[in-house]
1. Consider GLU57 carefully, then state whether it is open to solvent by 40 Å² or more (accessible area, probe 1.4 Å) and in contact (Cβ under 8 Å) with a residue 12 or more places away in the chain.
2. Would you mention how many residues in the range 276-301 are touching a strand residue (DSSP E or B) at 6+ places or on another chain (Cβ under 9 Å) and either in a loop (DSSP other than H, G, I, E, B) or more than 17 Å from ALA56 (Cα to Cα) (or both)?
3. On the given criteria, is LEU125 aliphatic (A, V, I, L, M) and open to solvent by 10 Å² or more (accessible area, probe 1.4 Å)?
4. Taking the conditions exactly as written (over 20 Å from ASN189 (Cα atoms) and within 16 Å of the ligand (Cβ to nearest atom)), does VAL39 satisfy them or not?
5. Being closer than 19 Å to VAL321 by Cα, surrounded by fewer than 24 Cβ atoms within 10 Å (Cβ to Cβ) and away from the ligand (no atom under 12 Å from the Cβ) is true for just one of LEU111, LEU62. Which residue is that?
6. Could you identify the single residue in ALA27, ALA42 that is at pLDDT below 95 and out of contact with any Cys (no Cβ under 9 Å at 6 or more places or on another chain)?
7. Taking helices (runs of 4 or more DSSP H) that do not extend beyond the range 130-249, which have at least 3 residues that are within 15 Å of the ligand (Cβ to nearest atom) and open to solvent by less than 10 Å² (accessible area, probe 1.4 Å)?
Amino acid sequence: MNMLRRTLATASLALAGLGSIAASAQAQDYPTRNITMIVPFAAGGPTDIIARIVTAEMAKTLGQNIIIENVVGAGGTTATTRAARANPDGYTLITGHMGTHAAAVPLYPKLAYHPEKDFEPVALLAGTPILILAKKDFPAKDLKEFVSYVKANTDKMNMAHAGVGSVSYSSCELLSSVLEIKPIGVPFNGTGPAMNALVGGQVDYMCDQIVNAVPQINGGTIKAYAVATPERNASLPNLPTTTEGGLPKYQVSAWNAIFAPKGTPAPILAKLNAAAAKALDDENVRKRLLDLGSDIPKMEGRSQAALAELVKAEVVKWSAVLKPAAN
Ligand code: ASP
C-alpha cells in the first residue's frame, strides 16, 4: 500500500514537472495562433476604437492576428465576467476601462469578478478626458446655460449612457451629484450607438470619453460644452474646461487598458506588455490616438505594476464617489 502510494506520488510529481516544462515552452513560443481581444461594448465607441488602433500594431509585433470580439451588456460587466473565466493562456484578453475595472465594483454588489483578484494587468493604452456633450439643437450656448437648463428641466432630460457601471454612466452620475439633478438614464450597448442617438437627437446629453466625440464635434453634428480636465485638450483647442465654464467641481477622466485572466503566465504577460508599449511608440498609432484627444501613457505609466496601482486607486476612488448614489 505504502509502496503504491509512493509510486503514485512520484508519478504525479513527474507529471507536475512535465506540466510546468510544457507551460514554460508554451510561454516561450507564444503566440502560435490568433488572440481574441474582447471589447465589452459595441463597435464604434471609445473602447472599440482604442482597442483596434493599438492591437493592430501589437499584432505585427506578436506575429499573430488579434481578433476583436465585441461582447455587450450590463455596462461591460457581462464581457468582463467572461474574460475573467477564460483560459489563462494569453489567447483571450480584454480591453477594459475605468468602468469595468473600477466603477462597476460599487455599482454591482454581486459582481462576478474583482478587477484586482481575477485579472492580471497587462498594459494601460490611453487616458481619455470626459466631455459634456449634447444634441445639436440643445437650447444652451455654453456650460452655464447648460447647467441652468438641465437643473430647470431635470425630469425631462434623457441622458445617454453605456449601461450601469460604464464610464459614461459613472461620469454622468458624478455630474448629477454635483448639479443635484436626477435625469432619465437611457442605456445603450456602448457609446458608439449612444453617440448615434445623440446625433439623431433622440437623447439630450451624454458624458463620454473624448475619443468618439472629436469627429462629431468638428463636424457640427453635436454640441460640446466642456472638457472635465484641468487643461484644455489639444484636439479641441476651442473647448473650454469645466473650470473655465464655471463648474470647477466637475473633474473626471477615464482610461482604457488591457487585462488578462488571473493566472496567465508571467512571460506571456511580459510579451504582451512589451508589444503594447512598442505600439504606443509607433508614429501612426500615436497620431491617431492624439488626434482623437486621448493621452498616451508615459514610460512610467506603461508597466504592469503601474496599471495594478491605477486599478487599485480607481476602485477606491469610484467606490467613494458612487456608493452614496447607489444606496
Ligand atoms: N465609452 C463607453 C462607456 O461609457 C463605452 C464604449 O467604449 O463604448 O463606458
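The values are calculated or read from the model by the stated rules, or taken from the named source; none is laboratory data. These figures come from a predicted structure and were not determined experimentally. A quick note on method: Cβ atoms are made from the backbone with ideal geometry, for glycine too, and the neighbour counts reach across all protein chains shown. Each accessible area value is taken on the protein alone, full model and side chains, heavy atoms only, with ligands, DNA and RNA left out. Shrake-Rupley method; radii C 1.70, N 1.55, O 1.52, S 1.80 Å.
1. Working: open to solvent by 40 Å² or more (accessible area, probe 1.4 Å): no; in contact (Cβ under 8 Å) with a residue 12 or more places away in the chain: yes.
No, not satisfied.
2. So the first thing to find is which residues in the range 276-301 are touching a strand residue (DSSP E or B) at 6+ places or on another chain (Cβ under 9 Å), and the list is 276-277, 279-280, 289, 292-297, 301.
Now narrow it down to the ones that are either in a loop (DSSP other than H, G, I, E, B) or more than 17 Å from ALA56 (Cα to Cα) (or both): 292-297, 301.
Going through the range 276-301 one residue at a time, the tally reaches 7.
3. Details: aliphatic (A, V, I, L, M): yes; open to solvent by 10 Å² or more (accessible area, probe 1.4 Å): no.
For LEU125, the condition - aliphatic (A, V, I, L, M) and open to solvent by 10 Å² or more (accessible area, probe 1.4 Å) - is not met.
4. Values: over 20 Å from ASN189 (Cα atoms): no; within 16 Å of the ligand (Cβ to nearest atom): yes.
In short, no.
5. Values: LEU62 fails: closer than 19 Å to VAL321 by Cα.
Among LEU111, LEU62, only LEU111 is closer than 19 Å to VAL321 by Cα, surrounded by fewer than 24 Cβ atoms within 10 Å (Cβ to Cβ) and away from the ligand (no atom under 12 Å from the Cβ).
6. Values: ALA42 fails: at pLDDT below 95.
Result: ALA27 is the single residue among ALA27, ALA42 that is at pLDDT below 95 and out of contact with any Cys (no Cβ under 9 Å at 6 or more places or on another chain).
7. Numbers: elements: 143-152, 167-179, 191-199, 214-218.
Hits in the range 130-249: 167-179, 191-199.
Residue by residue, here is whether (1) more than 16 Å from the ligand (Cβ to nearest atom); (2) under 20 Å from ALA277 (Cβ atoms) holds:
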position	(1), (2)
ALA27	yes, yes
THR47	no, yes
ILE67	yes, no
ALA74	no, no
GLY90	yes, yes
ALA104	no, no
